[in-house]
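Working notes, structure below.
The values are calculated or read from the model by the stated rules, or taken from the named source; none is laboratory data. All values reported here derive from a predicted model rather than from experimental measurement. Note that we place each Cβ from the backbone using ideal geometry, even for glycine, and neighbour counts take in every protein chain shown.
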């Protein structure tokens, strides 16, 4: 962005902040009266007066989260959304100041926006993880820990203060120490992009073709060996050994075949031995062939 646009943006931001500071403050009685007019009559003028008085609260709250690498204007916008949610939900009969109620909604809206946009990988889902994300830096600063790596003492201190497992503290510290990096980030002048040096771990086409042919050959050999078993033996081997989800129990197979589970176990052992001999006849050593 050209320098003139940056200067225009900074000027606009300062102008917005000055405008919020010129809005009149409200006392408890004013808040209650305006909130009632908005709730009972849908008076938009009352809504604007109520929310306008606390735009300065939005700006102040957004400033507290300026170190998370997100544009201040977007934080202010999200804070304004939280302010409007507070106005929509506020009950003037509960004896709570609107400013106190609005501060909670403003902070929640800004924090939620940061969690959703700080990284393409979701940073925290539980309340404990969110608390850890927003308090880790503050607690490290409290004990003057500015090192690149989290020390054991700091880890234990943060875990105790936030009542979270030490492993969660380590994981969050590592996550916050390594922000997202674009695959198109240049490595240097004339050195190409970051993605150019990432290894491709996928199999090459010739290896994939060979693997498919080997898999098909093994399937044919096993199928030929299975035909040397009787029908009951094939059923047990297929259900107990060849299914991907081989959760069939001896007892359930026994119920299907009308025999005890011990008898099914005996048949299975006998069938496996017959299958091994059949494979030996077909391919030689089935272990070396990768069949069993």
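So is residue 183 touching a strand residue (DSSP E or B) at 6+ places or on another chain (Cβ under 8 Å) and either modelled with pLDDT under 90 or outside any helix (DSSP H, G or I) (or both) or not?
yes
Name every residue in region 52-69 that is closer than 14 Å to residue 105 by Cβ and without any contact (Cβ under 8 Å) to a residue 40 or more places away in the chain, in order of residue number.
Within region 52-69, just 55 meets the criteria.
I'd like the residue in region 241-269 that is under 21 Å from residue 280 (Cβ atoms) and in contact with a helix residue (DSSP H, G or I) (Cβ under 6 Å, 6 or more places away or on another chain) and, out of all such residues, is surrounded by the most Cβ atoms within 10 Å (Cβ to Cβ).
So the residue we want is 267.
Kindly establish whether residue 101 is out of contact with any strand residue (DSSP E or B) (no Cβ under 9 Å at 6 or more places or on another chain), surrounded by 17 or more Cβ atoms within 10 Å (Cβ to Cβ) and without any contact (Cβ under 8 Å) to a residue 24 or more places away in the chain.
yes
If I ask for residues that are under 17 Å from residue 267 (Cβ atoms) and at pLDDT below 85, which ones from region 205-240 would you list?
none
Given 131, 119, which one is in a helix (DSSP H, G or I) and either at pLDDT below 90 or within 30 Å of residue 167 (Cα to Cα) (or both)?
After applying the criteria, what remains is 131.
Matching residues to (1) modelled with pLDDT under 90; (2) more than 31 Å from the chain's Cα centre (by Cα):
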site	(1), (2)
42	yes, yes
52	yes, yes
55	yes, yes
62	yes, no
65	yes, no
68	yes, no
79	no, no
86	no, no
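Pick out the one residue from 202, 159 that is farther than 28 Å from residue 136 by Cα and at pLDDT 75 or above.
Of 202, 159, the one residue that is farther than 28 Å from residue 136 by Cα and at pLDDT 75 or above is 202.
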